[in-house]
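Here is the structure we will look at, set down as structure tokens.
The values are calculated or read from the model by the stated rules, or taken from the named source; none is laboratory data. Source: prediction; values computed, not measured. All Cβ positions, even for glycine, are placed from backbone atoms using ideal geometry, and neighbour counts span all protein chains on display. What goes into the accessible areas is simple: the full protein's heavy atoms, side chains included, and nothing from ligands, DNA or RNA. Shrake-Rupley method; radii C 1.70, N 1.55, O 1.52, S 1.80 Å.
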Amino acid sequence: KRRIDRREAGDAVARCGQQPGGDCQAALHQAQPGDEIVLEAGATYTGNFVLPEKPGAEWIVVRTSQLSQLPAQGQRVQPSDAAHMPKLVSPGTAPALEARERVHHYRFVGLEITSAASVPLTYNLVYLGGNQEAPTDMPHDIIFDRVYVHGHGTLDVRRCLTFNGGAAAVVDSYVSECHSPGFDSQAIGGWRGTGPYKIVNNHLEGAAENLAFGGAGFSPTWDVAADLEIRSNYFYKPLSWNPNHPSYAGTTWLVKNLFEIKEGQRWLVEGNVFENNWIHGQNGFAILYQAVDGTNAKISDIMFRYNIVRYSPGGINCCARHDVGTRGLPRDPLERIAFEHNLFADIGVD
């Protein structure tokens with residue numbers, strides 16, 4: 001593989017930490033399929049970086065210069081690993097990193113992604129896709145591997161990672177401080193994409209829902225998040241977000257549940273831990289299945305097994321059909337779902 005680093009891309013990469021946006025964007029534009037962009041660990045790259053569409057099916061890898069200092073593949077990174085990561089920082093409401101229509105084959109390894117400490121609102125830290133009108137327009141084949149994506153204590157951030165596209169993955173990563181006081185917020189969420197998605201061995205903090213797909217409005221017939229592998233994750237809400245807890249930090253973020261499917265087919269949810277939920281924006285169920293994306297919304301073939309769910313007022317709430325005002329009654333009811341070999345502990349507490 002040809003390599004783009006400080007020697008070859010020269011100032012385009014080396015000056016990114018000092019000049020907001022332009023130079024790092026130039027490095028992304030310069031990269032060709034099969035290339036590797038190495039960003040300096042400890043450097044701050046400020047901007048709203050948009051991934052350019054490239055031909056072919058070879059991967060462009062964007063990684064830290066200190067990859068050997070991070071946990072090996074299959075091991076989850078922690079915030080303490082940030083010292084070995086370059087930092088992508090959004091200076092405002094736009095994403096730090098965005099993949100628009102038809103962008104494909106990018107892999108990000110060992111990056112920290114966040115917003116500037118002075119920013120009060122960022123809608124999405126990482127944003128894949130949008131409201132594309134055909135599946136051929138979706139971004140796809142995008143991987144986040146051992147990344148640290150997070151808000152900060154005062155940031156209103158609606159989603160830390162938005163997946164509106166085709167094949168995508170987040171593995172061995174740490175996603176935290178994803179919260180909003182008046183709107184739904186998720187560590188990972190999306191509403192216009194088909195999958196498949198691989199979400200494996202991550203720490204996921206989200207206030208309204210730690211993970212949720214669907215629910216934005218009427219969807220076309222092809223738009224169902226399908227073939228999701230959700231394994232070995234830690235879904236967690238810090239008790240410092242709970243006004244009734246002694247550690248409450250002073251901001252009341254909108255809290256609903258730990259895991260919600262509003263539209264989905266063929267999901268494997270296995271070996272996860274779901275911890276801490278309370279009554280606020282909803283009535284306190286930890287796990288929620290309800291199709292609310294109009295007549296084409298569908299939930300079917302969902303396997304939920306070998307999970308631990310603890311410290312929540314309620315356990316599971318499944319709705320056969322959900323009529324939400326003008327969104328329309330789903331044509332097909334919830335069907336073919338299974339809950340096997342799960343442990344529910346300390347349910348009924350708030």
Exercise for the section: Provide the per-residue ³J(HN,Hα) series for the range 152-167, in order, calculated from phi with Karplus coefficients 6.51, -1.76, 1.60 and θ = phi - 60°, each as a whole number of Hz, with x at glycine and proline positions. Expected result: 9, x, 10, 7, 7, 10, 6, 8, 7, 10, 10, 10, 10, x, x, 3
Practice task
Show which aspartates and glutamates lie in cross-link reach of Lys54 when reach means a straight Cα distance below 18 angstrom and same-chain residues fewer than eight apart are skipped.
Solution key: Asp35, Glu36, Glu98, Glu101, Asp137, Asp141
Problem - Net charge, Lys198 excluded, C-beta distance under 15 Å - Lys, Arg +1, Asp, Glu -1 - result: -1
Practice task
Would you calculate, for the chain, the mean residue ellipticity at 222 nm contributed by helices, counting each DSSP H stretch of 4 or more residues as -39,500 (n - 2.57) and dividing by all residues, to the nearest 500?
Solution key: -1000 deg cm²/dmol
Exercise for the section: Over the chain, with every protein chain in place, what whole percent of the accessible area is carbon and sulfur at 1.4 Å, could you tell me? Expected result: 50 percent
Practice task
Check the straight Cα-Cα distances from Lys237 and name the lysines below 25 Å, setting aside those fewer than 8 residues away within the same chain.
Solution key: Lys87, Lys198, Lys256, Lys262
Completion exercise
From the Cα centre of the range 75-129 to that of the range 159-209, the distance in Å is 12 Å
Problem - Full-stretch length increase - Ile279, Asn131 - with 0.36 nm per residue and alpha-carbon distance subtracted - result: 50.1 nm
Practice task
Please give the length that would be gained between Ala72 and Lys198 if that part of the chain were fully extended, namely 0.36 nm times their separation in residues minus their C-alpha to C-alpha distance (nm, one decimal).
Solution key: 43.5 nm
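Local charge sum around Glu335 (other residues, Cβ-Cβ under 9 Å, Lys/Arg +1, Asp/Glu -1)?
Numbers: positive: Lys298, Arg336; negative: Asp301, Asp332.
Summing Lys/Arg as +1 and Asp/Glu as -1 gives 0.
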Fill in the blank from the handout: Expected vector for the range 63-80, Karplus 3J(HN,Hα) from phi with 6.51, -1.76, 1.60 and θ = phi - 60°, integer Hz, x for Gly and Pro, equals 9, 6, 6, 10, 4, 5, 8, 8, x, 5, 3, x, 10, 7, 6, 10, x, 5
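Sequence gap at least 6, Cα distance under 8 Å: using those rules, report the relative contact order of the range 229-350 to the nearest whole percent.
25 percent
How much area per residue is accessible in the range 74-188 when the probe is 1.4 Å and only protein heavy atoms are counted (Å²)?
30 Å²
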Practice task
Could you please report the charge total around Phe163, scoring K, R as +1 and D, E as -1 over all other residues with beta-carbon less than 12 angstrom from its beta-carbon?
Solution key: +3
Practice task
Evaluate the charge dipole of the range 134-264 about its Cα centre and quote only its size in Debye, nearest 20, assuming +1 on the Cβ of each Lys and Arg and -1 on the Cβ of each Asp and Glu.
Solution key: 240 debye
